[in-house]
Amino acid sequence: MPQGAYLANAGGCEDCHTDREHGGRPYAGGRALATPFGTFYSPNITPDPETGIGRWTDEQFLRALRDGVRPDGANYFPVFPYPSFTKITDADARAIKAYLFSLPAARQANRAHDVSFPFSWRFLQYGWKLLFFTPGPFRPAPEHSEAHNRGAYLVTALAHCGECHTPRNWFGATEPNRFLAGNPDGPDGKSVPNITPDRQTGIGSWSEEDITTLLKTGQTPEFDFVGGAMGEVVRNTSRLDELDARAGAPMISGRARSGSCGQSSGVN
Ligand code: HEC
Ligand code: HEC
């Protein structure tokens, strides 16, 4: 798999940007994303110059992921997980764009979001960002191993685990000090489990091997298979290479979360 394809897979870009339920073309958008604020429709991110992002420069693409800002200066809604993607490195973002631009263009106009007032007001996102958004790429912690940093990068940035597993406040922002603590109001109104190392409410009894097995196969230690939104995630994580599939586990299982580490890499 070329690097850009590998990274786009880890980031789940195709899942949200493809209307699979209605046989939509890859990355042509139109997938409905139900949130407590209404239904958003993902845009076309194929290289079609009229209806996709074919005219975008690398800088515009980077700015969308890093700052959540559209080429015309308007702000994105955080249903696009830019609060996690802001941590993607420039090199990775460029590789993802190159990959997207290597795919067939699909001509398909974007569908307007179906979100009620006042959440539909894009300019209110300025205030939201001031309150809840910290831009900037992931910085590896020098006191940790390369593998640990890779895991933290995958979990917090590219694979954006916290976007579903972290509870959100009234404004739809993830609560930084409850990272991965579960979200009763996850995608499509479904509840998303706590995956912190808490033994009662989280997955503290899981070994690192259990977590890696789940990411590779979707199977839990109770021999169930995860479904729904996590089923889609597993389709992507099952394609990670061995090192990456193992890298996230120590961070999730808490063995690498002591001290400053959970703070520096776990927020968002
Ligand atoms: C959870 C669903 C979700 C995932 C995952 C996701 N996106 Fe998106 N993306 C969206 C939504 C929804 C929007 C539109 C937001 C808005 O209108 O404010 C969007 C907007 C965009 C835009 C701006 C397009 C435009 O026309 O302005 C780009 C570029 C983009 N996404 C790229 C990506 C890439 C690259 C990935 C993978 C690394 C990705 N997205 C993963 C939901 C998602
Ligand atoms: C799009 C939303 C979404 C994303 C992103 C996501 N998850 Fe999940 N996850 C879920 C849902 C929903 C479930 C419950 C699935 C089920 O019960 O069938 C789940 C279940 C799990 C479980 C099983 C927990 C248990 O108690 O059975 C683990 C472990 C897990 N996810 C880890 C991760 C990791 C690691 C990542 C990032 C690589 C991640 N998830 C990203 C939605 C998501």
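Overview of results
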read-out: Integer Hz, Karplus 6.51/-1.76/1.60 couplings in order for segment 188-195, x for Gly and Pro; value: 6, x, 8, 7, 10, x, 6, 10
read-out: Solvent-accessible area of residue 153 with every protein chain in place, 1.4 Å probe, in Å² to the nearest 10; value: 10
read-out: Percent accessible area from carbon and sulfur atoms, segment 1-59, protein chains only, probe 1.4 Å; value: 54
read-out: Loop GluC sites (Glu not before Pro), segment 178-248, which have at most 10 other Cβ atoms in a 10 Å radius of their Cβ (DSSP); value: 222
read-out: Relative contact order (%) - criterion: Cα under 8 Å, at least six apart; region: segment 146-266; value: 27
read-out: Percent RCO, i.e. relative contact order, over segment 1-157, from Cα pairs under 8 Å lying at least 6 residues apart; value: 25
read-out: Sequence-distant residues sharing a close amide H with residue 75 (under 5 Å, placed H); value: 70
read-out: Karplus 3J(HN,Hα) series, Hz, for segment 156-173 with 6.51 cos²θ - 1.76 cosθ + 1.60 (x for Gly, Pro); value: 8, 9, 5, 7, 6, 4, x, 4, 9, 8, 9, x, 10, 7, 4, 9, x, 9
read-out: Where GluC sites (Glu not before Pro) fall in DSSP loop in segment 124-165, at most 12 other Cβ within 10 Å; value: 143
read-out: Under the Karplus curve 6.51 cos²θ - 1.76 cosθ + 1.60, θ = phi - 60°, whole-Hz ³J(HN,Hα) for segment 226-241, x wherever Gly or Pro sits; value: 5, x, x, 4, 6, x, 5, 4, 5, 4, 7, 5, 5, 9, 5, 6
read-out: Radius of gyration and maximum dimension Dmax of the chain, Cα, Å; value: 17.8, 52
read-out: Cα extents of segment 138-257 along the three principal axes, largest first (Å); value: 36, 32, 27
read-out: Per residue, in Å², the accessible surface of the chain once ligands and nucleic acids are set aside, probe 1.4 Å; value: 50
read-out: Interchain or long-range residues, amide H under 5 Å from residue 183's placed H; value: 192
read-out: Cut-off 14 Å between beta-carbons: net charge of the residues surrounding residue 88, Lys and Arg +1, Asp and Glu -1; value: +2
read-out: Residue among 223, 173, 186 farthest towards the positive dipole end of segment 146-266, charges placed on Cβ; value: 173
read-out: Segment 3-132: radius of gyration over Cα atoms, expressed as a fraction of 2.2 N^0.38 Å; value: 1.01
read-out: Heavy-atom SASA rank of 129, 190 (probe 1.4 Å, accessible area, largest first); value: 190, 129
read-out: In Å², nearest 10: area of residue 223 left accessible to a 1.4 Å probe; value: 150
read-out: Carbon and sulfur %, accessible surface of segment 110-268 computed with the full protein complex present, 1.4 Å; value: 58
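The values are calculated or read from the model by the stated rules, or taken from the named source; none is laboratory data. Since the structure is predicted, the reported quantities are computational estimates derived from the model, not experimental observations. All Cβ positions, glycine included, derive from the backbone under ideal geometry; neighbour counts span all protein chains shown. SASA here: full protein model, heavy atoms, side chains in, ligands and nucleic acids out. Shrake-Rupley method; radii C 1.70, N 1.55, O 1.52, S 1.80 Å.
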